[in-house]
1. Condition test on Asn10, is it in contact (Cβ under 8 Å) with a residue 40 or more places away in the chain, on the phi > 0 side of the Ramachandran plot and open to solvent by 20 Å² or more (accessible area, probe 1.4 Å)?
2. Restricting region 90-108 to residues that are part of a helix (DSSP H, G or I), open to solvent by 80 Å² or more (accessible area, probe 1.4 Å) and not aliphatic (A, V, I, L, M), which is nearest to Cys23 (Cα to Cα)?
3. In this structure, does Lys116 turn out to be more than 24 Å from Lys5 (Cα to Cα) and outside any helix (DSSP H, G or I)?
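The values are calculated or read from the model by the stated rules, or taken from the named source; none is laboratory data. It should be emphasised that the depicted structure is a prediction, and the values quoted were computed from it without experimental measurement. Positions of Cβ are generated from backbone atoms using ideal geometry, with glycine treated the same way; all protein chains shown enter the neighbour counts. Just the protein is used for accessible areas: all its heavy atoms, side chains included, with ligands, DNA and RNA removed. Shrake-Rupley method; radii C 1.70, N 1.55, O 1.52, S 1.80 Å.
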Amino acid sequence: MSDIKFKELNLQKGQYIFLTRVCENPGINQVDLSNLLKVDKTTTTKAIQKLIAAGYINKNRDDIDKRMWRLYPEEKGLEIYTLVIQEENRNIEICFSNFTEEEKESMYQLVKKMRKNIENDWKEIKNF
């Protein structure tokens, strides 16, 4: 559903995830962004290039380590970020409608457990 809605904003499939993380972590580099999202560097590079071309983010050379590039949201990206978060919150509300507070808490704990499993597997694959 989000991909369909965000297409109107010129965000292609899955790019909004990269945009939101850059907005929430201004100055993040691409390696750290890849690790945060648990995706390979090539996927991150492609998404970042498209977000830069669309004017949502920019890439600046690090002041200290000139080999590193830092990612920052543009004003246009920050405006879209607000819309993306609103849509994501709306989707979460829809998902949890008719859930009791206990069911919501149980779901939260289960998803947290799933995230931990994914993180452990990611670390194993990446040989951390």
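1. For Asn10, the condition - in contact (Cβ under 8 Å) with a residue 40 or more places away in the chain, on the phi > 0 side of the Ramachandran plot and open to solvent by 20 Å² or more (accessible area, probe 1.4 Å) - is met.
2. Checking each candidate, the answer is Arg90.
3. It is false that Lys116 is more than 24 Å from Lys5 (Cα to Cα) and outside any helix (DSSP H, G or I).
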